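Participant: Here's a structure for you.
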Amino acid sequence: MAVDAIRHLKVFDPDLFGKRRVDIIGAGATGSKVAMGLAKLGVVNIHVWDFDKVESHNIANQLFGNQDVGKLKVDALAEIIKRDTG
């Protein structure tokens, strides 16, 4: 599914970020969804900080799936964002 961010440009312009980096602390329920939302809006320089691994109980409220259990959250999240947004 292609994401059309054009309608959001009236309130959010990812080009205003330029080469600035967005840092997100934590890749859990909130951090994973914020990272995905920013990526869908066109922000490309996103750094997520988390030293946890995905556990089975994370699947219910985070972006991760069964295939991600045991991976570092940041690695799994990077794969998901790349897959879903290119």
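Participant: Kindly provide the set of residues from region 33-66 that are in a loop (DSSP other than H, G, I, E, B), touching a Gly at 6+ places or on another chain (Cβ under 8 Å) and either crowded, with 16+ Cβ neighbours inside 10 Å or among the basic types (Lys, Arg) (or both), ordered by number.
Facilitator: Scanning region 33-66 gives Asp50, Val54, Gln62.
Participant: Out of contact with any Ser or Thr (no Cβ under 8 Å at 6 or more places or on another chain), farther than 24 Å from Asp15 by Cβ and among the aliphatic types (A, V, I, L, M) - does that describe any residue in region 34-51?
Facilitator: No, that holds for no residue.
Participant: Among the numbered criteria (1) surrounded by 11 or more Cβ atoms within 10 Å (Cβ to Cβ); (2) modelled with pLDDT of 95 or more, which single criterion is violated by Asp23?
Facilitator: With respect to (1) surrounded by 11 or more Cβ atoms within 10 Å (Cβ to Cβ); (2) modelled with pLDDT of 95 or more, Asp23 is out only on (1).
Participant: Another one. What single numbered condition from (1) in contact with a strand residue (DSSP E or B) (Cβ under 8 Å, 6 or more places away or on another chain); (2) part of a helix (DSSP H, G or I); (3) among the β-branched types (Val, Ile, Thr) fails to hold for Thr30?
Facilitator: Unmet for Thr30, out of (1) in contact with a strand residue (DSSP E or B) (Cβ under 8 Å, 6 or more places away or on another chain); (2) part of a helix (DSSP H, G or I); (3) among the β-branched types (Val, Ile, Thr): (1).
Participant: Only one residue in Lys82, Lys73 is open to solvent by less than 60 Å² (accessible area, probe 1.4 Å), within 11 Å of the chain's Cα centre (by Cα) and of a type outside the set (Val, Ile, Thr). Which one? It would help to see each step written out before you state the result.
Facilitator: On the way: Lys82 fails: open to solvent by less than 60 Å² (accessible area, probe 1.4 Å).
Testing whether each residue is open to solvent by less than 60 Å² (accessible area, probe 1.4 Å), within 11 Å of the chain's Cα centre (by Cα) and of a type outside the set (Val, Ile, Thr) leaves just Lys73.
The values are calculated or read from the model by the stated rules, or taken from the named source; none is laboratory data. Being a predicted model, the structure only gives us computed values, none of them experimental. With ideal geometry, Cβ positions are generated from the backbone for all residues, glycine too; neighbour counts draw on all protein chains shown. Protein only, heavy atoms only, side chains kept; ligands, DNA and RNA dropped before computing areas. Shrake-Rupley method; radii C 1.70, N 1.55, O 1.52, S 1.80 Å.
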